[in-house]
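What follows is a set of notes on a single structure, which appears directly below.
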Amino acid sequence: MAILEGVPLLEVTDEAQRLAVTIVQEGLLPETAYPDALHIATATVHQVEYLLTWNCTHIANAEMLPRIALICDRFGLALPYICTPEELLGDPQ
């Protein structure tokens, strides 16, 4: 965890909570995945450029991301580029 020293933590704001609730209420993620919706929403509200995750079920899911981006747009926000670390770094060969 020493590698994360100095990396700022993002505040979970009321706006992020509202966005996460909307993502779940519109059926894009199940209620049990609210923490994943909140992860996306918090990164979006704080205008994070990239959100890296290994969670391809609920977060880095190419099928759902365009619909989540539309919800973010309704909030006047741009969805970060969401991908796995492997996708960001490319093929090491």
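All of the numbers you see were taken from the coordinates with simple rules; none came from a lab. Predicted model, so just to flag it, every value in this text is computed and none were measured. Methodologically, a virtual Cβ is constructed for each residue, glycine included, from the backbone with ideal geometry; neighbour enumeration extends over all protein chains shown.
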Plugging the Kirkwood radius over Cα pairs into Stokes-Einstein for the chain, at a temperature of 25 °C and a viscosity of 0.890 mPa s, what D comes out in µm²/s?
179 µm²/s
Loop-resident chymotrypsin sites (Phe, Trp or Tyr not before Pro) in region 27-93 with no more than 13 other Cβ atoms inside 10 Å, DSSP not H/G/I/E/B, are Trp54
Using a 10 Å cut-off on Cβ atoms, rank the peptides 19-30, 55-66 from the highest mean neighbour count down.
19-30, 55-66
Per the 1/(1 + (r/R0)^6) rule, R0 = 35 Å and r from the Cβ atoms of Phe75 and Trp54, FRET efficiency to 0.05 is 0.85
Using θ = phi - 60° and Karplus 6.51 cos²θ - 1.76 cosθ + 1.60, couplings along region 5-13 (whole Hz; Gly, Pro as x):
4, x, 7, x, 8, 8, 6, 7, 8
